[in-house]
1. Identify all residues within segment A:28-71 that are within 8 Å of ligand 1 (Cβ to nearest atom), touching a residue at least 40 places away in the same chain (Cβ under 8 Å) and in a loop (DSSP other than H, G, I, E, B); write none if there are none.
2. Take A:Asp84 and tell me if it is free of Cβ contacts under 8 Å to residues at least 24 places away in the same chain and within 11 Å of chain B (Cβ to nearest Cβ).
3. I'd like to know if segment B:186-202 contains one or more residues that are of a type in the set (Asp, Glu) and modelled with pLDDT of 85 or more.
4. Output the residues belonging to segment B:268-288 that are over 14 Å from B:Ala504 (Cα atoms) and open to solvent by 10 Å² or more (accessible area, probe 1.4 Å).
5. Consider B:Glu665 carefully, then state whether it is farther than 27 Å from B:Val69 by Cβ and open to solvent by 10 Å² or more (accessible area, probe 1.4 Å).
6. Mind listing whichever residues of segment A:170-190 are away from ligand 1 (no atom under 16 Å from the Cβ) and surrounded by fewer than 24 Cβ atoms within 10 Å (Cβ to Cβ)?
7. What number of residues within segment B:781-822 satisfy the criterion of being polar (S, T, N, Q) and surrounded by fewer than 19 Cβ atoms within 10 Å (Cβ to Cβ)?
Amino acid sequence: MQILSPEAKAAPLEARGLIKSYRLGSVETRALDGLDLRIEPREFVSVMGPSGSGKSTLLNLLVGLDRPSAGEVLVEGVPLSTLDEDGLTALRRTRVGVVFQAFNLLPGLAAQENVELPLRAAGASRREATERARAMLVAVGLGERLRHRPDELSGGQAQRVAIARALVIEPAIVVADEPTGSLDSESGTGVLRLLRRLNEEQGVAILMVTHAPAAAAHADRIVTMCDGRVVSEDRPRATPSVAMRGLA
Amino acid sequence: MKALRAALWLIEDVALPYHRRHVARAALTLLGVAIGCAIVVAVELLNRSVVGSFRETVETIAGSADLQVTNPGAGVPEVLLEAIPEIPGITSAAGLLQATLPTPRGELTIFGVDVFGDQVVRARQFPPEAVTIPDEFAFTNALDSVALSTALLERWDLAPEAAIEVAAPAGRRVLRVRGTVEPRGPAALYDGAVALLDLPAAQQLLGRVGLLDQIDIVLAEDAEPVVVRAALERVVAGRARVHAPRERATGLDGMLLNLRTFLSLVSLEAIVVGIFLVHHALATAIAHRRRELAICRAVGFAPRALALAVALEALAFGLVGAVVGCGLGVGLAELALDAVRGAVGAIYARSGAGSLELGVRQVMLALLLGVGTALAAAVAPARSAARVPVLRHLRRDDGDGREGAPRLRAMVVAGAALIGLGTAGFFIEYRSTSALVHLFLMAVPAALLALGFALIVPAALAGFVALLRKLVGERAPITVQLALESLARDPVRRRGPLTPMLVAFALVLLGASMVASLRASILGWVERTLAADLYVVAGPSLPLPSGETFPAALEARVVPIDGVAKVAASRLVYTQLGERTVVLRSLRGRLPFDGLDYPVREALPDAAESFARGEAVLVSDDLAHREGLRAGDTIELATASGPRRFTVGALVVDFTLDVGTITLEEATYRRFWKDDLANVLYVWTESGVAVPAVRRAIEQALEPVAKTSILTAGQFERDVSGALDGALRLTWAIELVALGIALIGVVNFFLVEVSDRRREMGLLRAVAFGPRALGRSLLTEAALLGLLGGLLGVAYGGLVSWLVVSRSARLVSGWSLDFVFPLGLAATTVVVATVAAVLAAGFPVRRASARAVAELVSME
Ligand SMILES: Nc1ncnc2c1ncn2[C@@H]1O[C@H](COP(=O)(O)OP(=O)(O)O)[C@@H](O)[C@H]1O
Ligand SMILES: [Mg+2]
């Protein structure tokens, strides 16, 4: 599964002219209105925008949980429109990790089992799944909490488990929808630092939705959306990863 | 393979913990499958035991005979025994007479054979070395001599020369033990309660001089069976039938058709009930786990893996249920064996004890059923698991229910079409002797109807709510309005508990109306035809063709009794009509029978006269239906004096036995069948006399000569309805189970519903409502659902009952039943449904409406 190296040519994630409209009765809402976006390898991008601007809709399309009305999403150069439901599912358990605001952990399972989930879905053996999940939990600083259930974890810890679950598949990109939205500022900062560290250490690209400017500031690039379109882009700082890429 | 691995993991880590948390529900589901399998296994075991042991008995008695000559009821004329050995290819032929007689210590089966004959057949049935008779001369010379099985001798603790009192057809007789038989072969049957008599003595004892029950025949080694059989058939033509011993059990199969169809119907009901239980359990589990499934889909589980997991989960339920069901089935069969064997023995044929051991066939059947039931039930839940709307359940603000508008109109059209198709299915005309065919042709249209009704349920719900809204309008309290609004919002989903309720209540009604129709038809007929005041019978209860008898001459002792206006003896025997075993009844008089008023379906103009002359017979309409007979047709019956032809004078309604009945004028019967026994004396009293006094007088007159009991018309009817109730008790058990499912369905629905709507409830609480008002609104919703479920159940149940009673019952049994709809039960059903729904919803609703608002609003 480790076909992709940072040197690969295709961008981990790219959206071209995305349109998504919802029809409720006779009223049509355009949640996305011709959106273009490209994430470079190893890049950490924040998406900001007012509520209802289409951020969640965008993420759902990017990870193949929904299909656009028009336009195309490419993951590592592969157009998602060419994949069927199984193909999209396979994509989520191999190339794209997903993190939700609502954690979305299985309440009945221990932290480690939750992290094993995508490996299990891919049919990995028990041993392999256990080893990789443990290693990942240690990496997110939860080596002591392997056997805890979600309701025995704090919000910040639960979100770290969710992040571990997204990263355990060694994806090309992690997509996170308001990962700190349900957390207090202290644990929120912890989660952001973790994402940043994983981005730097493991070289995984990250696309994160947030509406907290402080959170967005952790990113290499901030994309601001309004009414389903990108209205501005902004680079808060020259990050090591970008600098390194520039040198390479 | 990968999907399988993923699915197995899902079961282990997601499904199992879920069921561990809901142990009671899982156990109930298992029980549902188990009961379904158990009933099928029990029916199968009982059938095998009864038919199988009958076959075994027949074959044991036949010894190693290649062919038999029999003539059920009338008996085989003994003269044939002279002609048969002359036929080329036949080495040996021997006659046998058999009867089971009551004794003070229990039943004794006696075999009348040529004890000292040297026939090959006899030697193989009762080998000379197994029969010990110290004084052969004394044995043969005294007509009361018997050789008793050593097993019985020991059990009854009898000494040689001991006396045994038996109730013979012609009255009480005393037999003396003058020999013993070792219990093997036929002598080991019936727990060894067997006695051997010399043939003439047996004929005397049983009042059947000159007659045999069967002639057993052994062919020469080099004989061509087909040729010999043809020759034999020419010799006995019209006086008896020729068949291999094995073929007799096939006849029993035919006689038991109605019983088997009925039992199969019960099994089918059990399976339907099982399917609904499993379906509901899985659907509920899936509904509860929707969010978990959505998460699994989001992190990379393929839809296939989720569906597979549900199927495997169902499979586990099916397998475990089947295994438990096998055990339950054996227990159930054991409980029912005596009753079933008693009923079959009394009505059709006596047999020894059959084994109830599980065979490979029963285990396979149970596994097949369990797995089939579970998988059938898993189809829809598996699909809904695979298609779980991922996004909806991943949102933080879950539960806003943005769903496409239900295609109500399309569902109604499809539903109506299915209902039409199902109804039409009941009107297919066919004739069959296979219980499976009948079952199939009943089950498929009934299933189509059920599907059709299930499809129109949402529209019915929408219409029902719209109607209520129009009726109560703005005046209704806010709690009721809230309930109506919630029901109207998503009728397709709210149908959840309605479909199982509908089917369960319909099953209850179907069973009840079948029972009511059968009862009303039979009891109405009994009342109409058996208009005598007193009935003298030989046994303790209803007269049956294989039951006890007394000499018809007893009639002469009753006639002179004061207060008796008229007496008529009647005989019931089995006889052969072609390949079919039917009941032959002798009756005195003209049509209508001086008070014995048979409802006539069709008759020749001179039917009464030609019946009185003994030229015409009455044929029951069920038999006529099966044989395609009309008034004016001619039938041939094998009598003791050779074949005789009779005109079908009339087709009458006759519920005597489900094998069909032919009624013949009394004197004609006596003449041709050379039979002077009777099963019953009909006694009419003079008007104005006290019936109890007459009854006592008859009792006194008959006491010294025969063992009889005297029933009044009321007792007679009570016996009939008692026998009916006994036979129909099984349906009630099934219906209780069906009702149970309906309730489980409602409880589960509200458990899921309440947990799904926690947020909505929290909002309502936060905004305006106290816990009571909220609870009331939810309970109103439950009551309305229950009411509608009850009404729809009555509609579907009414339609299916009418079709089954007026169409299927006729096609299976040939009987035309009067359809009786159990109105009272229907009304009760609606009330029970409503109350049950409220009670079932009460627990989850109370729990939820008492929760803190904050708890309801927060999700994690
Ligand atoms: N399933 C849906 N059906 C109809 N409209 C939707 C649906 N999901 C989102 N929308 C609408 O699309 C717009 C964008 O929503 P969303 O992507 O959730 O915004 P954000 O995440 O930026 O707050 C909103 O107007 C929302 O009401
Ligand atoms: Mg959002």
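1. Hits for segment A:28-71 are A:Gly49, A:Pro50, A:Ser51, A:Ser53, A:Gly54.
2. yes
3. yes
4. Scanning segment B:268-288 gives B:Ala281, B:Ala283, B:Ala287, B:His288.
5. yes
6. A:Glu170, A:Leu183, A:Asp184, A:Ser185, A:Glu186, A:Ser187, A:Gly188, A:Thr189, A:Gly190 - these are the residues of segment A:170-190 that are away from ligand 1 (no atom under 16 Å from the Cβ) and surrounded by fewer than 24 Cβ atoms within 10 Å (Cβ to Cβ).
7. 2
Table: residues versus (1) buried (at least 19 other Cβ atoms within 10 Å of the Cβ); (2) within 38 Å of the chain's Cα centre (by Cα).
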position	(1), (2)
B:Leu436	no, yes
B:Leu451	no, yes
B:Leu455	yes, yes
B:Ile478	no, no
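The values are calculated or read from the model by the stated rules, or taken from the named source; none is laboratory data. Owing to the predicted nature of the structure, the values given are computational and were not obtained by experimental measurement. Don't worry about glycine lacking a Cβ; one is built from the backbone with ideal geometry, like all the others, and counts go over all protein chains shown. Only protein heavy atoms, including side chains, enter the accessible area calculation; ligands, DNA and RNA are left aside. Shrake-Rupley method; radii C 1.70, N 1.55, O 1.52, S 1.80 Å.
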